[in-house]
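Student: One structure coming up, written as structure tokens, with questions to follow.
Values quoted throughout were computed directly from the atomic coordinates according to the rules given, and no laboratory measurement underlies them. The model shown is predicted, which means the values in this text are computed figures rather than measured ones. Counting neighbours? That spans all protein chains shown, and the Cβs are built from the backbone with ideal geometry, glycine included.
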Amino acid sequence: MTGPMAGVRVLEVASHVFVPVAGGILAEWGAEVIKVEHPVTGDAYRGLVTFGLHTTHHGVDVNFQYANRGKQSIGIDLTAEQGRELVLRLAARSDVFMTNLRPGSVERLRLEVDEVRAANPGIVYVRGSGQGNRGPDADRGGYDIAAYWSRSGMSARLMGPDAEWPTIPPPAYGDFAAGLALSGAISAALYQRATTGETSVVDVSLLGVGMWQMQPDIVDSMIGASGTTPAAHPDRDDARNPLVQHYRTRDDRYLALVMVDADRHWSNLCDALGEADLATDPRFVDHEARRRNSRACVERLDEVFARRDLHEWCDALQGVSGVWAPVRWPSELPSDPQVAANGYLGEAELGNGETLPMVTTPVQFDGRPTPPRRAPEHGEHTERALLDLGLSWDEIVVLKDDEVIL
């Protein structure tokens, strides 16, 4: 393995998406990540393809691939004492132990911090949770739609003014953000251990990451800068800054203007729009004027943007100094030249002669995107991992017969 995490061994006792995403990121950064799965059922996330909740492509579960890229998989029954002992032997050879089991489950399996540290005093112990590892809801489950999206205030904040029901986000929407945060936290803990000799217990929750993203609204509500339920969608015609706004194009697509320092870009934008007179119109000449006359300004810009299709405006705005972006559909990203230039998409070899397109991890080292690698088959590396532990083939056969391993 190559990459900044080469030489780091991670033992993952986790399922579904949040914590496994962090393991997948570390694997693509060069770590050896060993994923422990139940020998019969495997990671429960594998089973969702059976219910039609996951996409399949060339015989693989696409959703499982995202979260488990580049790992090894071993099948061990943690409820069996022999299985627990095997996991602790693996932990003794690892740098990181990561889990998203609830506190009650960790206690029943006797894999709490002190027990894992008894096998390896220097291991970084990592807990991913829904609502945090303390408090009355510590032992409750927490999928991202619940803990990250709904409980953090994000869902309510992003409801449309005419919406009867909150919106359901895309699959694993918060899991991917939280997994990225967790991979960074693990990296920091490893750095601390390398520089000070001190190891850490790392905690990251979906609720905590959701609140981190929602902090402007949360803090504003606490200091009285807004109401307890701020308007998620204020009147767009009454904008504080008409240059931070979405505008509809002739073909019913949208452009986002994000020109925070509006006075700096206003004249340049007006020239690109073919409306140079707007720059000197007394109603719109500077930020304060546009704010006082925001309805008229937004109405005028609405009229202008409605004259051309999205692709025409993308061409016309190329030289504009301020920030803007087309509102893209996910299906348009593969043909975006900026995506191609930066290697934000790659192909993972599936081991059956086919490939799967995947988004590369969003962190690059030395200007090189990390090629994605496939996720493991259920228990694909069980025998190899146990042989590396020093078990004989006879011992492995006995464990298989006793259904302790896959």
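Student: With θ set to phi - 60° and the Karplus curve 6.51 cos²θ - 1.76 cosθ + 1.60, what are the ³J(HN,Hα) couplings of segment 257-269 in order, to the nearest whole Hz, using x for Gly and Pro?
Tutor: 9, 9, 9, 5, 8, 5, 4, 5, 10, 4, 4, 4, 5
Student: Per Stokes-Einstein, at 10 °C and 1.306 mPa s, what whole-number D in µm² s⁻¹ belongs to segment 225-359, with the Kirkwood radius over Cα pairs as the hydrodynamic radius?
Tutor: Stokes-Einstein gives a translational diffusion coefficient of 93 µm²/s.
Student: Of the residues D220, D315, D388, which exhibits the maximal mean-square fluctuation in a Gaussian network model of the chain defined by a 10 Å Cα contact cut-off?
Tutor: Looking only at D220, D315, D388, the largest GNM fluctuation is found for D315.
Student: Can I ask one more? Pop out the ³J(HN,Hα) list for segment 362-367 in order, Karplus 6.51 cos²θ - 1.76 cosθ + 1.60 with θ = phi - 60°, rounded to Hz; leave Gly and Pro as x.
Tutor: x, 10, 10, 10, 6, x
Student: Over the chain, what relative contact order in percent results from Cα pairs under 8 Å that are six or more residues apart?
Tutor: Computed over the chain, the figure is 18 percent.
Student: Mind listing which GluC sites (Glu not before Pro) in segment 340-406 are in a DSSP loop and have 12 or fewer other Cβ atoms within 10 Å?
Tutor: In loop regions of segment 340-406 (DSSP not H, G, I, E or B), the sparsely surrounded GluC sites (Glu not before Pro) are E377.
Student: Put a dot 7 Å past each Cα toward the Cβ at T2 and H58; how far apart are the dots in nm?
Tutor: 2.3 nm
Student: Still on this structure, I have one more. Trypsin sites (Lys or Arg not before Pro), restricted to segment 181-273: which are DSSP loop and have at most 16 other Cβ atoms within 10 Å?
Tutor: Qualifying residues, ordered by number: R240, R250.
Student: Write down the radius of gyration of segment 281-363 and its Dmax, each obtained from C-alpha positions, in Å.
Tutor: Rg, Dmax (Cα atoms, Å): 20.1, 67.
Student: Now, a different point. For the pair Q318 and R157, what calculated FRET efficiency results from E = 1/(1 + (r/R0)^6), where r is the Cβ-Cβ distance and R0 = 25 Å, to the nearest 0.05?
Tutor: With a Förster radius of 25 Å, E is 0.15.
Student: Quick check for me: using +1 on Lys/Arg Cβ and -1 on Asp/Glu Cβ, what's the dipole size of the chain about its Cα centre, in debye to the nearest 20?
Tutor: Here the chain has a charge dipole of around 600 debye.
Student: Out of all DSSP beta bridges with both ends in the chain, state the antiparallel percent to the nearest 5.
Tutor: 45 percent
Student: Which of the listed residues, A146, L90, S200, is farthest toward the dipole's positive end in the chain, when Lys, Arg count +1 and Asp, Glu count -1 at the beta-carbon?
Tutor: So the residue furthest toward the plus end is S200.
Student: Which one of P282, V320, M259 has its Cα pushed farthest toward the positive end of the charge dipole of segment 236-329, where Lys and Arg give +1 and Asp and Glu give -1 at the Cβ?
Tutor: Value computed over the given set: M259.
Student: Between Y191 and Q364, 0.36 nm times their residue separation minus their Cα-Cα distance comes to what?
Tutor: Here the answer is 60.4 nm.
Student: Per the helix-only calculation at 222 nm, which mean residue ellipticity applies to the chain, given -39500 (n - 2.57) for every DSSP H run of n ≥ 4 and division by its residues, nearest 500 deg cm²/dmol?
Tutor: Helices in the chain give a 222 nm mean residue ellipticity of -10500 deg cm²/dmol.
Student: Next question. So if we plug the beta-carbon distance of D309 and S331 into 1/(1 + (r/R0)^6) with R0 = 25 Å, what FRET efficiency do we get, rounded to 0.05?
Tutor: Rounded to the nearest 0.05, the efficiency is 0.90.
Student: Continuing with this model, one more query. Could I have the simple spin-label model distance between E377 and R89, label points 7 Å from Cα toward Cβ, reported in nm to one decimal?
Tutor: About 2.4 nm, to one decimal.
Student: Calculate the dipole size of segment 236-329 relative to its Cα centre from +1 charges on Lys and Arg beta carbons and -1 charges on Asp and Glu beta carbons; express the result in debye to the nearest 20.
Tutor: 280 debye
Student: A follow-up question, please. Pick out, in residue order, every one of the GluC sites (Glu not before Pro) in segment 91-172 that is DSSP loop and has at most 11 other C-beta atoms within 10 Å; say none if there are none.
Tutor: Here the sparse-neighbourhood loop sites are E164.
Student: Choose one answer from G197, G42, G208: the residue with the largest mean-square fluctuation in a GNM of the chain with alpha-carbon springs under 10 Å.
Tutor: Ranking G197, G42, G208 by mean-square fluctuation puts G197 first.
Student: Something else now. Within segment 147-190, list the residues whose amide N lies under 17 Å from a label point set 7 Å along Cα→Cβ of R140.
Tutor: Zone members listed by number: 147-156.
Student: Where does the Debye-calculated log10 I(q)/I(0) of the chain sit at q = 0.07, 0.09 Å⁻¹, using only Cα point scatterers of equal weight, no solvent?
Tutor: Here log10 of I(q) over I(0) equals -0.44, -0.68.
Student: Enumerate the amide H contacts of A348 below 5 Å, restricted to partners 5 or more residues apart or on another chain; note that Pro and chain-start residues carry no placed amide H.
Tutor: L356, M358
Student: Another one. Is segment 146-205 best put as rounded, prolate or oblate by its Cα gyration tensor, with a ≥ b ≥ c the root eigenvalues, rounded for a/c under 1.5, and otherwise prolate when a/b is larger than b/c, oblate when not?
Tutor: prolate
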